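Where a number appears in this text, it was derived from the coordinates with a stated rule and is not lab data. Note that the coordinates shown come from a computational prediction; the quantities given were computed from them, not determined experimentally. Cβ sites come from the backbone with ideal geometry, for glycine too, and all protein chains shown count toward neighbours.
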Amino acid sequence: MQRIRVVETDLQFRRPISVRRKTTGFTLHWQGVLPLGYDLARVDADRINGWHIERPGWAGCGYHYILLTNGTIERGRPRWGQGAHDEGENAEKMGICVVYRDFPTMVQLEPLCGLLAELHEIYHLFPEPKTIKGHKDDEPPETPTECPGPGLYNMLPAIRQWTKELY
């Protein structure tokens, strides 16, 4: 059952993307802290792809989906591809980046939960805490991160509940 629409971006990567052989969950991210006054409406899959290509050794956008400030969901990596968003988890988890400043908006939360419900259905998973995590949940102590930012991270219990209701 399709709950959401994903805008295909046909991003170009520096090298071929490996196939993800198993999917056990979904990791939520944000774009990170940007300079004061930076227009978040400028952050999309293409811009993130450019940022990631600039990093040595990166093929391109590490996330599978990017949720824009207006609620649009754009494709990052192909759904079948292995991500590059959460070291040690990329072989089994898909990455979703939510673009926001302080808190995601309701305009974003509805498509996010719809996307998560649809992905859980596609991969035959039941929405629960172990299948919907924030990036910092899986990071080892030697490489801590604030991702997915406090606004999104504090909303994870509600996001899991809303996803269950849509499942």
Query raised in the report: Whats the longest run of the chain with zero trypsin sites (Lys or Arg not before Pro) that are DSSP loop and have at most 12 other Cβ atoms within 10 Å?
Result: 23-129
Requested in this report: Determine, for each peptide in 54-67, 116-129, the mean count of other beta carbons within 10 angstrom over its residues, then list the peptides with the highest first.
Outcome: 54-67, 116-129
Requested in this report: For the chain, set up a Gaussian network in which alpha carbons nearer than 10 Å are linked by springs, and say which option among PRO78, PRO157, PRO16 fluctuates the most.
Outcome: PRO16
Query raised in the report: In nm, to one decimal, how far is the TYR123 label point from the ASP39 one, both placed 7 Å along Cα→Cβ?
Result: 3.5
**Report entry** Pairs of alpha carbons in segment 6-166 whose separation is greater than 24 Å (percent)
**Finding:** 27
Query raised in the report: Which whole-angstrom value gives the distance between the alpha carbon centres of segment 22-65 and segment 98-167?
Result: 16
Query - HN-Hα J in Hz across segment 102-117 - Karplus 6.51, -1.76, 1.60, θ = phi - 60°, x for Gly and Pro - result: 9, 9, x, 9, 4, 4, 8, 5, 4, x, 4, 5, x, 4, 4, 4
Report task. For segment 48-54, take each phi angle, set θ = phi - 60°, evaluate the Karplus expression 6.51 cos²θ - 1.76 cosθ + 1.60, and give the result in whole Hz per residue in order, putting x for glycine and proline. Result -> 5, 4, x, 4, 6, 4, 5
Report summary line: Cα convex hull volume per residue for segment 1-81, in Å³, equals 117
Report summary line: For ASP137, the net charge from surrounding residues (Cβ-Cβ under 15 Å; K, R +1; D, E -1) works out to -3
Report summary line: Between VAL7 and residues 5 or more places away or on another chain, the pairs with built amide H atoms under 5 Å apart involve ILE73, GLU74, ARG75
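What does the charge count near ALA91 come to, summing +1 for each Lys or Arg and -1 for each Asp or Glu among other residues with Cβ under 9 Å from its Cβ? Mind dumping the intermediate values first?
On the way: positive: ARG20, ARG21, LYS22, LYS93; negative: GLU89, GLU92.
Combined, the nearby Lys, Arg, Asp and Glu give +2.
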Query raised in the report: Can you give the % of DSSP beta bridges in segment 6-166 that are antiparallel, to the nearest 5?
Result: 20
